[in-house]
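Here's the structure we're looking at; comments come further down.
The values are calculated or read from the model by the stated rules, or taken from the named source; none is laboratory data. Computed from a predicted model, the values in this text were never measured in an experiment. Methodologically, a virtual Cβ is constructed for each residue, glycine included, from the backbone with ideal geometry; neighbour enumeration extends over all protein chains shown. To get the accessible areas, we keep the full protein, side chains included, count just its heavy atoms, and leave off ligands, DNA and RNA. Shrake-Rupley method; radii C 1.70, N 1.55, O 1.52, S 1.80 Å.
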Amino acid sequence: MKTTILAIIMAASLCQGHAQTKKWEHNIFASGGLFIDHTDGKSQSGTALRIGYGLNYYFSEHWSAMPAVALRTEWEGSLTPPEGADQDYFSFVDIPLTLQYHVAGQGNGWVLGLGPVFSFDINHDKYYNDANPNDPIDGQTKLRTFALGLQPSVLYQLGKFRLGVEGNIGLNNVAKHYPTYQGSKHLHNIMASVYYHF
């Protein structure tokens, strides 16, 4: 009888341990999709790619917060522009801070996210005016160093993977201003994302 009671207590404690909410979760992710460069009232499209790592902290079964770091590259038009063209090509280090709601808890199901993205320009793309090399902004950097965005996401968890769509809505004017140019530039993207969490 004592052996049976002891076995039941041990089984119950094991089940309780498995049912507890996981607190920390590592995430590796990759994304690719559409880049939208909105400059001086006109929009051009291109390609956006991103790879990164995030550390997710669960403060309840359904809610988590994930700071992350990512490398993002975006370019306008084709990867190999025609000779003499000045197509935008940008690279950033992103630091997104995402609040996530896990509809089904930590099991399979929808994961909705929203949060700010702090981005830092690391390749300093420059203006190139082939027709007028004496243009005052020829050879000057196009972007400010810092950009602020808003990242909404809709993902679906399947086991160790989360698949879905994320965006980056550029909130501030990132165009670097010069005496002869006081323009505006807002950068946006929408990408398909794959996360692996462990």
**Filtered residues of region 157-176 (kept if open to solvent by less than 80 Å² (accessible area, probe 1.4 Å) and part of a strand (DSSP E or B))** = Q157, R162, L163, G164, V165, E166, G167, N168, I169, G170, A175
**Item:** In region 102-115, residue farthest from Y53 (Cα to Cα) [restricted to those that are open to solvent by 50 Å² or more (accessible area, probe 1.4 Å) and either in contact with a helix residue (DSSP H, G or I) (Cβ under 9 Å, 6 or more places away or on another chain) or outside any loop (DSSP other than H, G, I, E, B) (or both)]
**Value:** W110
**Asked** Inside region 139-156, can you point out the residues that are open to solvent by 20 Å² or more (accessible area, probe 1.4 Å) and either small (G, A, S) or at pLDDT below 95 (or both)?
**Response** G139, Q140, T141
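Of the residues that make up region 122-138, is at least one out of contact with any helix residue (DSSP H, G or I) (no Cβ under 8 Å at 6 or more places or on another chain), at pLDDT 95 or above and either β-branched (V, I, T) or loosely packed, with under 15 Cβ neighbours inside 10 Å (or both)?
yes
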**Request:** Can you tell me which residue within region 177-197, out of those that are open to solvent by 80 Å² or more (accessible area, probe 1.4 Å) and modelled with pLDDT of 95 or more, is nearest to the chain's Cα centre (by Cα)?
**Result:** I190
